[in-house]
Amino acid sequence: MKLRRRLVPAPDSIAGHSARHGRSPWFDMVHLLWSAWVFITPAFAPGGYSARWALLTALSYPLFLFLYVRVLFAPARSAWRYALGMIALCVALLPWYPSGMSYFVFGCVFLHIHGRRPVWVALGQVLLLGVGFVAYAMLLGYPWQAVVWMPLVTLIVGAVVQVEHMRECADAALKLSQDEVRRLAASAERERIGRDLHDLLGHTLSMVALKSDLAARLVARDPEAARREIGEVASGARHALDQVRRAVSGIRAAGLAGELASARLLLETGGVEFDYELGAGCDGAALPPAVESVLALTVREAATNIQRHARASAAMARFAIEGGEAVLLVEDNGRGGAIVPGTGLAGMRERVEGARGRLDIGPGAHGGTRIEVRVPLAANDDPQAAAPRPPGRSGSLRG
């Protein structure tokens, strides 16, 4: 039970950082490949693969593995102790065990991996440790040619690992900032929608309530006046319903150019190169609102699908007006695969067909998935008649 608790990464540990970003907490074990030098060094040492080397390896390497795992899983405030333990293990074994130099490099690299001190302080300490190691090794009789490279190697490897860790932390902070911006934008939009609906319905519903009460009082002594009041109530209710429909249509509407720019930000943040092109006169200003909304939401759905499922390295979008039709093409070079009906595909197809358009989804020219949407412009000139039907559900294209 105690061992199991030790294998649960602390929230601020290296393994915990990997787990928060969707990687296995054991992801950084890949760096253990460099410990192959423990088994290669005897090939260049005078003693070679002796019985003493085998015994010391059998005793020290499991301890080194334990210290390495603890560096990955321990809280940031205490991880340095296990890195220092690797350095101490090297110092203790160096008189009889040249392979222990690898333990020293690992210890120096992970000593300041969490960046709790300024970079120049961390690099200065690693340099001092390297110089001290060279002096100690030469005092033990090691030739200077065999150990003089150690300070430089520890500095280079330590700097590379430190910069990589700092970049990952910066990416994580950027993602948190983007999530917070989206949350604040969604909250502001909800408040705006609430205010708009209050402004739209407050007066109308008050009028409906007053005239309904008046009609109830008039129905016995003046039925004709009561019918007029009820007719005005019905007219006001229809007017309110029309206002709500228009408001909801405006909420659903999305600009094509804005969605293409948002798609580029989303995909390039995830490492997918995205290129889009708007043909001459296709800036969206001349498009019927229903057509622009359908195309924009198609771009949004396609970009989300590429980011989540496609495993693509590049994607493109092209928009043009051909023969009285708005034509949108989105294509990626990802893994492609079977398109399962339902979820995001159903919503996308329902929106397109609601605007009297056609949706074709199939394999792309470079693998991946190709989505083509064609929507007639003339059939959607009337925004009320051409308003796309709301989809049942939303989600991804792939099952």
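With respect to Leu297, is the statement that it is modelled with pLDDT under 80, surrounded by fewer than 23 Cβ atoms within 10 Å (Cβ to Cβ) and closer than 19 Å to Ala263 by Cβ true?
Values: modelled with pLDDT under 80: no; surrounded by fewer than 23 Cβ atoms within 10 Å (Cβ to Cβ): yes; closer than 19 Å to Ala263 by Cβ: yes.
It is false that Leu297 is modelled with pLDDT under 80, surrounded by fewer than 23 Cβ atoms within 10 Å (Cβ to Cβ) and closer than 19 Å to Ala263 by Cβ.
Just checking: which of the helices (runs of 4 or more DSSP H) contained wholly in the range 1-100 hold 1 or more residues that are of a type in the set (Phe, Trp, Tyr) and more than 40 Å from the chain's Cα centre (by Cα)? Walk me through how you get there before you give the answer.
On the way: elements: 2-6, 14-20, 37-40, 51-73, 79-93.
By residue number, 51-73.
Val327 - would you say it is at pLDDT 85 or above, surrounded by fewer than 22 Cβ atoms within 10 Å (Cβ to Cβ), within 24 Å of Pro288 (Cα to Cα) and not charged (D, E, K, R)?
Details: at pLDDT 85 or above: yes; surrounded by fewer than 22 Cβ atoms within 10 Å (Cβ to Cβ): yes; within 24 Å of Pro288 (Cα to Cα): yes; not charged (D, E, K, R): yes.
Against the criterion (at pLDDT 85 or above, surrounded by fewer than 22 Cβ atoms within 10 Å (Cβ to Cβ), within 24 Å of Pro288 (Cα to Cα) and not charged (D, E, K, R)), Val327 qualifies.
List the pairs whose first member sits in the range 66-81 and is assigned by TED's automatic domain parsing to the domain that holds Pro9, whose second member is aromatic (Phe, Trp, Tyr), and whose Cβ atoms are under 7 Å apart, counting only residues at least 6 apart or on separate chains?
Cβ pairs passing all conditions: Leu67/Tyr82; Tyr68/Phe106; Arg70/Tyr82; Val71/Tyr82; Val71/Phe110; Ala74/Tyr82.
Out of everything in the range 156-167 that is buried (at least 16 other Cβ atoms within 10 Å of the Cβ) and of a type outside the set (S, T, N, Q), what residue ends up being modelled with the lowest pLDDT? Don't jump to the end; show me each part of the working.
Step one: filter the range 156-167 for residues buried (at least 16 other Cβ atoms within 10 Å of the Cβ), giving 157-158, 161-162, 165.
Filter again for of a type outside the set (S, T, N, Q), leaving 157-158, 161, 165.
Working: Val157: 77, Gly158: 71, Val161: 72, His165: 68.
It comes out as His165.
Which one is modelled with the lowest pLDDT, of the residues in the range 102-147 that are aromatic (Phe, Trp, Tyr) and crowded, with 20+ Cβ neighbours inside 10 Å? Explain how you work it out, then say what you get.
So in the range 102-147, the residues aromatic (Phe, Trp, Tyr) come out as 103-104, 106, 110, 120, 133, 136, 142, 144.
Now restrict to residues that are crowded, with 20+ Cβ neighbours inside 10 Å: 103-104, 106, 110, 133.
Numbers: Tyr103: 91, Phe104: 90, Phe106: 89, Phe110: 84, Phe133: 89.
Result: Phe110.
Go through Ala302, Ala317, Ala240, Ala261 for me and flag whichever is in contact with a helix residue (DSSP H, G or I) (Cβ under 7 Å, 6 or more places away or on another chain), modelled with pLDDT of 80 or more and either within 30 Å of Val208 (Cβ to Cβ) or not in a loop (DSSP other than H, G, I, E, B) (or both). Reasoning before the result, please.
Details: Ala302 fails: in contact with a helix residue (DSSP H, G or I) (Cβ under 7 Å, 6 or more places away or on another chain); Ala240 fails: modelled with pLDDT of 80 or more; Ala261 fails: in contact with a helix residue (DSSP H, G or I) (Cβ under 7 Å, 6 or more places away or on another chain).
Result of the check over Ala302, Ala317, Ala240, Ala261: Ala317.
The values are calculated or read from the model by the stated rules, or taken from the named source; none is laboratory data. As the structure is a prediction and not an experimental result, all values here were calculated from the model. Cβ sites come from the backbone with ideal geometry, for glycine too, and all protein chains shown count toward neighbours.
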